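I have placed the structure first, in the form of structure tokens, so that the comments after it can refer back to it.
The values are calculated or read from the model by the stated rules, or taken from the named source; none is laboratory data. Predicted model, so just to flag it, every value in this text is computed and none were measured. When we count neighbours, we look across all protein chains shown, and the Cβ atoms used for this are built from the backbone with ideal geometry, even at glycine. Protein only, heavy atoms only, side chains kept; ligands, DNA and RNA dropped before computing areas. Shrake-Rupley method; radii C 1.70, N 1.55, O 1.52, S 1.80 Å.
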Amino acid sequence: VTNQSSATISRIDIASDRVVATVAVGSEPRAITSDGANLWVANYASNNVSRVDPVTNRVVATIAVGQNPSGIASDGKFVWVASAGADRLTKIDTSTNTVVANVSISKPTEVAFAFGSVWVTTDESRVVRVNPSTNAVIANINAGDDPRGIASDGTSLWVTNFDRDTITRINPNTNAAT
């Protein structure tokens, strides 16, 4: 879990409900994801991403990204970071810890990888679909009032609408929101 006020992440043993490790990362860690081997942490106030080795519980790389990274997701090969303050989605190659692309998206907040695409919520009531091979925006979907959290259940994408206390379903085959 991320601990914003202490600039750390903690590993919790689910059998005992105890914290078994705490790792210092950047300022105000907001989101965390895994690429299957490492943890990646979006650090909102330090404008970077920490790569954490879960075996040693150490930061093994720090990668600068856009201002105010708040959302992060991985497809296993790349990590995708939403930086609202920079109006961009950053693509990091996990094999080299380097930024390999930036996609211009106005006010991105959260990120998910599903159905072979990167899905980004924005502060402009949209979900943006990005082709991960070309880094091109392939759809802009109206997604309710102030979409934030985004997740897939394997058949649809689900988006929470912060200002309305509602949920929007997106069909990935048609890019239609219901």
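Count Lys and Arg as plus one, Asp and Glu as minus one, and take only other residues whose Cβ is under 15 Å from that of R58; the net charge is then +1.
Each Lys and Arg contributes +1 and each Asp and Glu -1, all at the Cβ; summed about the Cα centre of segment 1-118, the dipole is approximately 120 debye. Length gained on full extension, N140 to T96, computed as 0.36 nm times the residue gap minus the Cα-Cα distance: 12.8 nm. Sorting K107, K91, K77 on solvent-accessible area from highest to lowest, probe radius 1.4 Å, gives K77, K107, K91. With the highest mean first, a sort of the peptides 95-101, 30-36, 136-142, 120-126 on other beta-carbon atoms found within 10 angstrom per residue produces 120-126, 30-36, 136-142, 95-101. Placing R0 at 30 angstrom, the Cβ-Cβ distance between T56 and S16 gives a FRET efficiency of 0.90 after rounding to 0.05. Based on Cα contacts under 8 Å between residues 6+ apart, the chain shows a relative contact order of 10 percent.
A straight line joining the Cα centroids of segment 38-115 and segment 9-24 runs 22 Å. Overall, segment 37-178 carries a charge dipole of about 300 debye about its Cα centre when +1 sits on the Cβ of Lys and Arg and -1 on the Cβ of Asp and Glu, all other atoms neutral. Evaluating 6.51 cos²θ - 1.76 cosθ + 1.60 at θ = phi - 60° for every residue in segment 82-93, the Karplus couplings come out as 8, 10, 5, x, 10, 6, 7, 10, 9, 10, 10, 7 Hz, glycine and proline recorded as x.
Set against the labelled values [x] -0.95, -1.15; [y] -0.72, -1.02; [z] -0.85, -1.07, log10 I(q)/I(0) by the Debye sum over Cα atoms at q = 0.14, 0.17 Å⁻¹ computed from this structure falls on [y].
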